[in-house]
Amino acid sequence: MDRILLGLCLTCFTLHFLCLQYILPAVGAVHLYLGFRTLRDSNQFFKFSWYCSVCKAILLFIDFVLTATPYSHILSGPRTVLQTVMTMAILLTLRQALRLSAAAANHTMDRDPLLWAAVWYAVLITLALFWPKPGWVTFFLMAFAFYRIVKSLYAITAELEDWGCSVRAAPVRLSGGQLQLAYYTSLLALVLLCGLFSNHVWLKAEPIEQIVSSEAEVTRQHLRDLGMPETFLLQLPEEELQQLSSASACQYLENEDAASLRLSGTMVYLGGGTARFYVLAEYDDGASLFWQNLAEFANSSTVRRDGACYLSYEKGGTVYRTIVPVQESAETVDNYFSGPLENTFIRAWYSFPAGAKKRTCLFVCTQELWEFPGSNTDYYYDSIVNFYQSRFPFSYPYRPLSRQEPSGRRKLTQFCQIFEFSQPLP
């Protein structure tokens, strides 16, 4: 009964700090199972409670493993409802089990603490459903419900001390210590493996074809004549070259080398006040890039669209290219000078395979340029592109690398340049 009451206390509510929201329910679920395992042959209600404790331990195991992956949202609602139903069922069936045990010992229970525990648990669930972001009043109501649940469970021990009954302990194959070791060890191992597996972005790569079409070669020569460096031309796939066939101007800027990373940018004018902007990140072979990396167009001075990201690397003597999925989202950010401002972010998450050499990332988008009539500069664009690298191979719960990540957990390299076209452009 001590195990059962401890398990109920640890699984009825959670503490969201120091990972206690994961540790305490896992410990509580195992103690619930161990308590009901011994009592499962005493009467049918103890056996049903044991079945519920098995389901609860399995559900928590699945929840904690999925939390280490990007798939924690899958059926999260039904899983939460099932956990709640299991806890309520355990409270009510344990109440009936104790009443049967008391009747077998010719004793009548004077109090009904488990019924009150179930009532206060229902109050707690109602508060969580209707006030998911509690204020101070709701917080104190929830704290009071926690207190009443603990007090009700504690009252059970006081009730049991007044009477006794014989219990036929069910046979077991594993001792409590062995079962706890098996549960916690397997859970920790799976969480670590899934976390490590999930924090590498798995992308399918194809060998780069050496033969290009005649149209692509003509476009390459045209861009070469406009001044695009050979390092960019070698990185452009044919789908990018098709967009640049009518280019009329090109500017190239090289940023200073950063630690383990060299950044450079080029802008190709497409006409109509728009340009295709490219940033090339060339990584040193010693850089650790197996875990999550993030490229992000971050400034808000222009409209941007049609983002794309291409990785290339060499492995086993073969050069590969990967197209990285790109996410475009409009977000409101606080600007120090202008206040809240809607900004279109373009982001790409990627990882390189182990053993890859000569690794590059080409990050692309189409820009609307600023125009200054009557000035020496006809078109103007200021560029801020952030490149993030994860410093740790594991985060729990799983989350994509982002600018909100603490600086101690990610490394930032920024490309910041100003492009100007001072000549008239068509």
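Here, each number is a calculation from the coordinates, and none is a lab measurement. Please read all numbers here as calculations on a predicted model, not as lab measurements. Using ideal geometry, Cβ is built from the backbone for each residue, glycine included, and neighbour counts are taken over all protein chains shown.
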Task: lysines whose Cα lies under 25 Å from that of K47, excluding same-chain neighbours fewer than 8 positions away - done: K56
- [ ] Determine the principal axes of the Cα atoms in the chain, then give the extent along each, sorted from largest to smallest and rounded to whole angstroms.
- [x] 100, 51, 33
Open item on the list: Calculate the FRET efficiency for A103 and S76 from the Cβ-Cβ distance with a Förster distance of 41 Å, rounded to the nearest 0.05.
Closed with: 0.50
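I'd like the FRET efficiency for D112 and T318, computed as 1/(1 + (r/R0)^6) with the beta carbon distance as r and R0 of 56 Å, rounded to 0.05. Don't skip to the answer; put the middle values down first.
On the way: r = 73 Å, r/R0 = 1.30.
Result of the calculation: an efficiency of 0.15.
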- [ ] Mind scanning K315/K358; K204/K358; K204/K411 and naming the pairs with a C-alpha gap bigger than 19 Å?
- [x] K204/K411
Task: Charge dipole (debye, nearest 20) of segment 209-332; +1 at Cβ of Lys and Arg, -1 at Cβ of Asp and Glu - done: 220 debye
Task: Whole-Hz ³J(HN,Hα) from phi, Karplus 6.51 cos²θ - 1.76 cosθ + 1.60, for segment 396-408, glycine and proline x - done: 9, x, 4, 8, x, 4, 8, 5, 6, 4, x, 4, x
- [ ] Taking the chain as the reference, fit the longest principal axis to its C-alpha atoms, fit the long axis of helix 113-130 to the helix C-alpha atoms, and give the angle between the two in degrees, 0 to 90, nearest 10.
- [x] 20 degrees
Task: At R0 = 45 Å, FRET efficiency that the Cβ-Cβ distance of I58 and S260 yields, to 0.05 - done: 0.50
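In debye to the nearest 20, how big a dipole does segment 69-159 give about its Cα centre with +1 on each Lys and Arg Cβ and -1 on each Asp and Glu Cβ? Each step should come with its number before you reach the end.
Values: 7 positive and 3 negative charges, 34 e Å.
Charge dipole, segment 69-159, about its Cα centre: 160 debye, nearest 20.
Could you calculate the contour length gain from M1 to K204, that is, 0.36 nm times the residue separation minus the distance between their Cα atoms, to one decimal place in nm?
Contour length minus Cα-Cα distance gives 67.7 nm.
What length, rounded to one decimal in nm, is gained on full extension from K151 through to Y396, with 0.36 nm per residue of separation minus their alpha-carbon distance? Write down the numbers at each step before the final one.
On the way: separation 245, 0.36 × 245 = 88.20 nm, distance 3.28 nm.
Answer, rounded to one decimal: 84.9 nm.
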- [ ] Along Cα→Cβ, 7 Å out, is where each label goes; now give me the distance between the ones at W136 and S214 in nm to one decimal.
- [x] 7.9 nm
Task: Residue (of S72, C12, A105) at the positive-pole extreme of segment 2-110, dipole from beta-carbon charges - done: A105
- [ ] Please name which of A356, Q221, A143 has its Cα lying farthest along the dipole of the chain towards the positive end, using unit charges on Cβ (Lys, Arg +1; Asp, Glu -1) and the Cα centre as origin.
- [x] A143
Open item on the list: To test your reading of the geometry: what angle, between 0 and 90 degrees and rounded to tens, separates the Cα axis of helix 76-104 from the longest principal axis of the chain?
Closed with: 10 degrees
Task: Full-stretch length increase - A143, T332 - with 0.36 nm per residue and alpha-carbon distance subtracted - done: 64.5 nm
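How large is the charge dipole for segment 2-198, taken about the Cα centre, if only the Cβ atoms of Lys, Arg (+1) and Asp, Glu (-1) carry charge, to the nearest 20 debye?
Working: 14 positive and 8 negative charges, 60 e Å.
Magnitude of the dipole: close to 280 debye.
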- [ ] With unit charges on the beta carbon (Lys/Arg positive, Asp/Glu negative), name the residue among A26, S198, Q292 whose Cα is farthest towards the positive pole of the charge dipole of the chain.
- [x] A26
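For segment 11-153, how big is the tail of P(r) above 23 Å, as a whole percent of Cα pairs? List each step's numbers first, then the result.
On the way: 4114 of 10153 pairs.
The share of Cα pairs beyond 23 Å in segment 11-153 comes to 41 percent.
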- [ ] Pop a pseudo-label 7 angstrom from the Cα along the beta-carbon direction at both L188 and C416 and give the gap in nm to one decimal.
- [x] 4.4 nm
